[in-house]
Each structure stands twice: as structure tokens, then as C-alpha cells.
Amino acid sequence: MNTNRRATAIAGALVIVGMIAGVLSVVPVIEEPRYLELISSHESQVIVGAVSQFIMIPAYVGFALYLYPLLRMENEALSLGFLGFRLIAATFHLIGVISLPLFLVLGQEFTQADALGASHLETLGELLRTARDLVNHVASIISLSLGDLLFFRILYRSRFVPRWLSAWGFIGAGSAMLASFLVLFRLADVVALPYLALNAPLALQSLVLATRLITKGFDTKPSPNVTATRSRKAATEGGG
């Protein structure tokens, strides 16, 4: 297996790892109405969620890093933008990881508080839960989707993968951003069907893309854009 083929295979595997970690990062108890009363008895759920979300960070960034040398050959500016948005999303994910242990602290304080203190902790807990939703389901998703738009632009122009797969990615990224804006403006909840349905196209496309990267890799034959550029450069140098 040559270097490029190995890079695309690893990148595809990282997509799968990130998707599995994303599913495991869900902490159902936090979505319960009385979660401050319940969370202390579901500490393992919180720990698994935090560890899984942390795993998503190297998976997302690693995907961009492994593909960057290949993407750079097609368009350096767009590939840098793609990597940059992945790093921004990773930062938001790290904030999401750090926020989870705070729920355990609130839960412990809640069980020992009087009525007035419990009321204040409920307000603080709701603010923390809202902030975590905005970080995980708005800031992170929008950052990833903006980077994905650049990524799929490179793939579409280069024909590294079939154009229908890149076009599917454009649609999926746009749909995911729409879902995030619905959450931002409180028009949808993160566990509601509209939000999940709008994120489904990109999730399915990512799975198909990952499978292709693992089994076939990129078609790295020079794209028409690169070929034309090289031809013009050769003609110019020859004329000089």
C-alpha cells in the first residue's frame, strides 16, 4: 500500500471512529427533566460521554491532517481552510468535554442543598445544559460544516471521488448547518426528530465516503483544472 493509499484508508477509519465516539458521547441522563437528582447515580454515563467526546477530537483533526497533503495538491488555500475549521471544531469539542464533569459537581451539590439552594442550582444547571448544547450542536457543527463545504469543493473540482458523492456532501453540510440554526434560535431541540433528520444526510454521506476511502482511496489522476494549469505553465516556460 503506497503512502497516499494508506493516508486515505486511515482517514476513512478515523471517520468511523469519530462516528462511533459521537454516538457514545451522548449522555441520556442530562436530557432528563430531573437530571440533577439522577446524575450522581449515572456517573459512568457522564465519564463514558466525556471520554468518547474527547476521542472525537483526534479523529476529526486526524482526518484533515491525513488528507491535507493530497488536498493541498489541488488547492492549498481551501485545504488550509478545511484544516483550520477542523481545529476550531476540535476546540469547541474540548469545551464540551470539560463541561461534562461540571454536571457531576452540580448534581452532588443539588442533593445536599436546601430548597432555595436547589432552585439556584437548577437555574445554573439549565444554563450549563443550554451552553453545552450550543457548543456541541451549534458551534461545533457549524465549524465542521463550513470546513466540509471547503473539503467537498476540493473533491468536486478534483474528482478525487465521484462528483455525486461530493454533491451529496454539499447538501448534507448545508442541512446540518440548518439544523444547528434551528437549535440556536430554539426552533428545534437536539433530541427532536427535525434536528436528527436534518443531520442524517451528512451522517450517511460520511459513512459512504469513509467506506470508499478505506476500500478505494482517492482517484489522484490529475484533474482537468490541474492539467490545464500545468499545460499553461509549460507553454509559458517554453515560450520564455
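R0 = 41 Å: FRET efficiency of Ala200 with Leu38, Cβ-based, nearest 0.05? Don't skip to the end; give the middle numbers.
Values: r = 29 Å, r/R0 = 0.71.
Computed FRET efficiency for Ala200 and Leu38 comes out at 0.90.
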Most mobile of Ala188, Ala113, Ala13 per a Gaussian network model of the chain (Cα springs, under 10 Å)? Ala113
Which of Pro28, Pro58, Pro201 moves most in a GNM of the chain, Cα contacts under 10 Å? Pro28
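Counting heavy atoms of the protein chains only and a 1.4 Å probe, report the per residue accessible area for the chain as a whole number of Å².
For the chain, the solvent-accessible area averages 52 Å² per residue.
Loop-only check: which trypsin sites (Lys or Arg not before Pro) in segment 1-93 are DSSP coil with at most 15 other Cβ within 10 angstrom? It would help to have the intermediate numbers written out before the result.
Working: sites: Arg5, Arg6, Arg34, Arg72, Arg86; in loops: Arg34.
Here the sparse-neighbourhood loop sites are Arg34.
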Low-density loop positions, chymotrypsin sites (Phe, Trp or Tyr not before Pro), segment 165-220 - DSSP coil, at most 10 other Cβ in 10 Å: Phe185
Hey, rough spin-label estimate for Ala113 and Thr220, points 7 angstrom out along Cα→Cβ, what's it come to in nanometres? 5.6 nm
Surface/4 of the Cα convex hull for segment 112-156, nm²: 3.4 nm²
Based on the Cβ-Cβ distance from Ile16 to Ile98, what FRET efficiency comes out when R0 is 45 Å, to the nearest 0.05? 0.95
Run through segment 97-188 and list the trypsin sites (Lys or Arg not before Pro) located in a DSSP loop whose Cβ has at most 15 other Cβ atoms within 10 Å. Arg186
Could you work out how far helix 163-184 tilts from the main Cα principal axis of the chain, as a 0 to 90 degree angle to the nearest 10? 30 degrees
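The values are calculated or read from the model by the stated rules, or taken from the named source; none is laboratory data. As the structure is a computational prediction, the values presented were derived from the model and not from experiment. Because the Cβ atoms are built from the backbone with ideal geometry, glycine has one as well, and the counts that use them run over all protein chains shown. The protein model used for the area step is the full one, side chains on, heavy atoms only, and it has no ligands, DNA or RNA in it. Shrake-Rupley method; radii C 1.70, N 1.55, O 1.52, S 1.80 Å.
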